[in-house]
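Below is one structure, written out as structure tokens, with a few remarks after it.
The values are calculated or read from the model by the stated rules, or taken from the named source; none is laboratory data. Keep in mind it's a predicted model, so treat the numbers as computed, not measured. Cβ sites come from the backbone with ideal geometry, for glycine too, and all protein chains shown count toward neighbours. Surface areas here come from the heavy atoms of the whole protein model, side chains and all, with no ligands, DNA or RNA. Shrake-Rupley method; radii C 1.70, N 1.55, O 1.52, S 1.80 Å.
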Amino acid sequence: MDVFSEIMKPVVQVLMVPAKKELGYLISCATHVKDMRRKMTELEVAKCGEEEHLNRNTENRLEISSQVREWLEKVKNINAKVENFPSDVGSCFNIMDRHKLGRKAFQILEEIESVTTQHSLITWSDRPIPLGRVDSTRTSVSAPLTTNHHEDFQSRNQTFLEALKAFQPNHKSHMIALCGMGGVGKTTMMEKLKKVAEKKKMFNYIVEVVIGENTDPIAAIQDVVATYIGIELKEKDKRARANKLCQGFKAKSDGGKNKFLIILDDIWHFVDLEDIGLSPLPNQGVHFKVLLTSRDKDVCTKMGVEADLVLNVGLLIEEEAQSLFNEFVQTSDPELLEIGEDIVRKCCGLPIAIKTMGCTLRGKDKDTWRDALARLENHDIKTITSVVFETSYNNLYDDETKATFLLCGMFPEDFNIPMEDLVRYGWGSKIFKGVHTIRNARYRLHTCIERLMHTNLLIKSDDVRCVKLHDLVRAFILDMFSKSEHASFPNLSVLKLMHGGASLSFPKDFYEELEMLQVIAYDQMTHPLLPSSLQCSFNLRVLLLHECKLMSDFSPIGNLLNLEILSFANSGVKWLPTVIGNLKKLRLLDVTGSHGLRIDNGVLKKLVKLEELYLKIDLDRFDTPFHFTEDNYNEMELCLTNLFALEFEFQDNNVQLKNMSFEKLERFKISVGCVLKDITEKLLFPFSNTLYLETDKGNLLESGLNKLFEKTEVLYLSVDDMNYLEDIEFINPSRPPRFSPFYNLRFLFVSKCTKLRYLLTLDVAEALSKLEHLAVDECDNMEEIIHIESGREETISFPKLNSLYLYDLPNLSGLCDNVNMIKLPQLVELYLYGIPNITSIFSMNKLETSCVFKGEVVISKLEKLSILNMENLNEIWSSEFPIRQEVQFREISVINCDKLVNLFPSNPMPLLHHLEELQVEECGAIEVLFNIDLDCVGEIGLEEGSTSSLKKIELKKLSKLREVWRIKSVNNSFLPFRGFQAVEHITIEICERFRNVFTPTTTNFDLGALIEMKITIFGEAWSNNESVESSQKEINILSNKETSQVSAADSISKVVFDWRGLQTFHNLRKLELWRCEGPEVVFEIESPRSRELVAGKHNQQIVLPYLESLRLQYMKTMTHVWKYKWNNFFILDQEQLSEFPFHNLTTINMECCGHIKYLFSPHMAKVLSNLKKVEIKYCTRIEEVVSNRDDEVQDEEKTTSTHTPTILFPRLDSMSLHDLDNLKCIGGGNNEISFSNTTKTNSFLDQSQDCNCFV
């Protein structure tokens, strides 16, 4: 009995475990439910925090954690389960039901705890997205690539095309230089090359550094490079900074996946690439190209540019020069044109001189032309530019424009000159005559800038708030200053100092002789010396301290009684003392970015002449709001009666705004209930009047801020109780009927307005003719964006709308129900996220109840389409929707749309003429990406001239995907299918049913541009930890066997790439295969017979001649990487190796491949003469690296191969072997293998047990 008890005791314990668990569901049902709801509430709080973080980083262009979107989606799914859970569990007395509820609550509770644990692992860097990253969104919303025809010169086409050709990844060189004299157009050609590279997505990062003549030390260049790749340099030592940059490039390179274009513009002296983190040799872990511009050919060659790639940008030929001049002077007067011919000849074919003279003489009389020609006499190409600029300067309209031009010379070479700085300098210098307000001074400045642009003395900047000077024009200004009789220290009226560190010290009597000083501007200075009243208070009108580290004592500033503009922008000022109130003449006060600022009572009240007040916090830098007291707000009310410009954040919703009058404001950025976010900076707008309102309707109407709507360009609304947009209008009796105050809007962002059923009426929609960006987000009851009364079918048009974002709108059924046509002629980007009611995007059926665009739609410029989390989406284009040739899609992203079966219609070719990138993820119903019926397509794709721009295909987590391409009605298989000949990258990850790149595999499919392919398969055998042999799935990526024609017993393909399939990928450079089930052989190769080679009859194309990198991981059934039909094999002579497949392979990585016993045969090892790196890890059955197995050469041919000794891997740098339990030797059999290397061979044998390795 005791024996029986001892035996049964553990059995009973085992049986009791599930019994206790099941009883626990019943007994603790209410407890589980209570814990579930409590934990869900806590999780919702965490979710809100992550969503806020996500939105903030998205709007401020900061990096977003890679884990957060997936985590938020999991929380959303769990929350849906909790919300659907029965509310009254206590009243459930049915034992079975109570048990089910308890178990379900417990399971949900486990899910909550799991995602709570995952939440603790989410990390945020909050780093700015690197400036150099080629960002698809920014590229797509910018203006399309256009070239001014006056920049297209036939004589330079060959130079441009040679430079562009050198950008190609297969080009021999990694350095290109544009060389020529100053003003010839090197930078113009460089910019054109950069635009083409951006548009064609040739590089992932573009880093542009302007060097200039006096850029020293190298630290300045390092800082710019660091900004572009998004790292911070705190190191002081040059070498340490270079190492940090090197690490940054390698990190951004992502193992060689990302490519860099480094532009070094205007180089005067040798720059060591190692100083900016790059190896002077190509392909050392970072794939990059360098484009230089320089006046000195010797500098280019010293930097390593090959002589044939130092491309000369020469002078214009006479015909081009004359055409350029005529384009700018715009005259048909024959006498003027005759004078113009002589002027052009004097300009010596130099574009900057020709363009400047043309702009200067446009609209001028005959005498001015003759005078210009006379001035150019007796000058050659060395001196002509200064004479041209002097002539242009002398012909400027007025003294104000001349003075503005001279002020631009105060900024560094190639600097983005802020126009707002010029306004403030000009005001202090009294250059604007008859102007009495800063507002009017700004208008006058813009007039002067426009005149200078027209004469080509100023040029546009990439930043719309700035202008730039050509370096030759700046040199002309500095030369004028040096010759001026007033150019002495005591006569200075404007003093500008930049980038002064702690080592820079000011003498105490620094200001004593500067009695004429009117403007002091210090930028990025450490502890600058502040002026005192006795020295320069009488004339000083402007004091600008930008990004300076200031002492805490500001009392001397209070004595500068004539000061009219005072700025502490981004200098971290925390206190404005009472003495600032002494500045009774102050017209502009700027304390932008002064986090935690306190203002003494009475200061604002005393500034009775204040016209402009800037009090915005820079959230990218600071997170502490202003400390505004009630007295401060009361004084603000008084200020508003005089203010024309205001930037301010009313972060406290309880602030009484009803007594404030905003009507006089003409320039404003105001937020209520939130921080002020500068959306327009990302959208490349100049200063835009902005309202950012998170409040309720009552407070908004009481505040009177709605009176500013007519002047508002950027409007963000989060007004919970707003019923529609017109609900918050200011009712103006004098306004005509049907007038909308929103007619100036360029950006409209509506978020979390829970009562909104529709946003716009037809009248309001028609008024938004200037609208460029529309975003609607998290409006739970929104049914349609535009509402038209039933019975009316109208045409809706937004002529300037550039981007449309619709995000988390659970009840939205479409853009508009009653509509005949929607015209969006400028729409570039469409983003749709989380709209569960939508079943299709484009449909011609006007009765469709759940479609974004119904009826006819004009979207001829749409470039980027993003569709995410559309759970009921069945189709993007309905079968009857006409797809026109003019559609210009460049990027399509479709993520988490589980009911979407067909991504494209049966004839997708019209969509692919411009498409460059395609991303599809987590769409569980898609079996094939491109389902092409040649009966529908016709001969498109088979014709020689067929074009396609698709370069990148990325497919992830598509559980039913079997093929990328499925071609139907293939009757001409001998003809190449050319519809996708531009594809360069294919990534297929975690698609467990994937079998073929295309079917039928006998199709002559043109993928000639493909350079990288990565395939990772996670099948059921992997997820269930079963043996791969038990899985009856086939991998047939490019095998000649048709799965539809074989029996079930033969359904498993043993070969990944057969000989015919390999010829499809002629330019492939990188191949990665992960976790592919079933295949035993990666490459099955047929070799020509020796007699065919000797007779010269083998004309077959070499396969994979450019393959450089091969990575194989978790290929559990693989027994061979290469398998030849050896009875046909012939050993090639050394000179024939370059004609053999795989001869450019440099890197092989093989990891966790459990069935393979050797990697190379001696013959294959001989072919791989360029191999540099071999890495083998965790391959438990491998016995040899190089073996003699499978080398059963016929006797008659064997004798021809034994005349010379075997030398393997002559260029091998490293062989790394890790955890190979059965490794016996590196070279096996009777072979004598010698590793002969010109550098150094490192062989690492780590933890390879029981290994008696020999070579």
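If the chain linking Lys770 and His499 were pulled fully straight, counting 0.36 nm for each residue of separation and taking away their Cα-Cα distance, it would gain 93.5 nm. I want the local charge near Lys770. Using Cβ-Cβ distances under 9 Å, sum +1 for each Lys or Arg and -1 for each Asp or Glu among the other residues. Net charge around Lys770: 0. Of His174, His436, the residue with the largest accessible area leads and the full order is His436, His174 (1.4 Å probe). With distances taken between every two different alpha-carbon atoms, region 487-594 has a Kirkwood hydrodynamic radius of 14.0 Å. Computed packing ranks the peptides 420-431, 840-851, 34-45 as 420-431, 840-851, 34-45, most packed first, by mean other Cβ atoms within 10 Å. Applying 1/(1 + (r/R0)^6) with r as the Cβ-Cβ distance of Asn781 and Glu319 and R0 = 51 angstrom yields a FRET efficiency of 0.15. Peptide packing: for 494-500, 1220-1226, the average count of neighbouring Cβ atoms within 10 Å per residue gives the ranking 1220-1226, 494-500, highest mean first. Each other residue within a Cβ distance under 12 Å of Glu630 adds +1 if Lys or Arg and -1 if Asp or Glu, for a net charge of -4. With R₀ fixed at 51 Å, the C-beta to C-beta distance from Lys755 to Leu164 puts the FRET efficiency at about 0.40.
Annotation for Ser661 and Asp631: the two label points, set 7 Å from Cα along the Cα-Cβ direction, are 2.5 nm apart. Only residues of region 745-779 count here: report those whose backbone N is under 14 Å from the spot 7 Å along Cα→Cβ of Asn811, or say none. The answer is 752-759, 778-779. Here is the list for region 167-209: trypsin sites (Lys or Arg not before Pro) lying in DSSP coil, each with at most 11 other C-beta atoms within 10 angstrom of its C-beta, are Lys172.
Each label was represented as a point 7 Å from its Cα along the Cα-to-Cβ direction; for Glu44 and Phe730 these points are 3.9 nm apart. For the pairs Lys800/Lys864; Lys957/Lys1014; Lys257/Lys1123; Lys250/Lys1177; Lys899/Lys968; Lys677/Lys861, note any where the Cα-Cα span goes beyond 21 Å. Violating the 21 Å limit, Cα to Cα: Lys257/Lys1123; Lys250/Lys1177; Lys899/Lys968; Lys677/Lys861.
Using the Cβ-Cβ distance between Gln67 and Glu515 with R0 = 45 Å, the FRET efficiency computed as 1/(1 + (r/R0)^6) comes to roughly 0.10.
For region 753-807, the spread of Cα coordinates along the three principal axes comes to 30, 27, 13 Å, biggest extent given first. Extension gain for Arg439 to Ser790 (0.36 nm times residue separation, less C-alpha to C-alpha distance): 121.6 nm. Measuring against 18 Å, Cα to Cα, the residue pairs Lys711/Lys770; Lys74/Lys960; Lys47/Lys76 contain Lys74/Lys960 as the ones spanning a longer distance. The trypsin sites (Lys or Arg not before Pro) of region 255-348 meeting both criteria, a DSSP state outside H, G, I, E and B (loop) and at most 14 other C-beta atoms within 10 angstrom of the site's C-beta, are Lys257.
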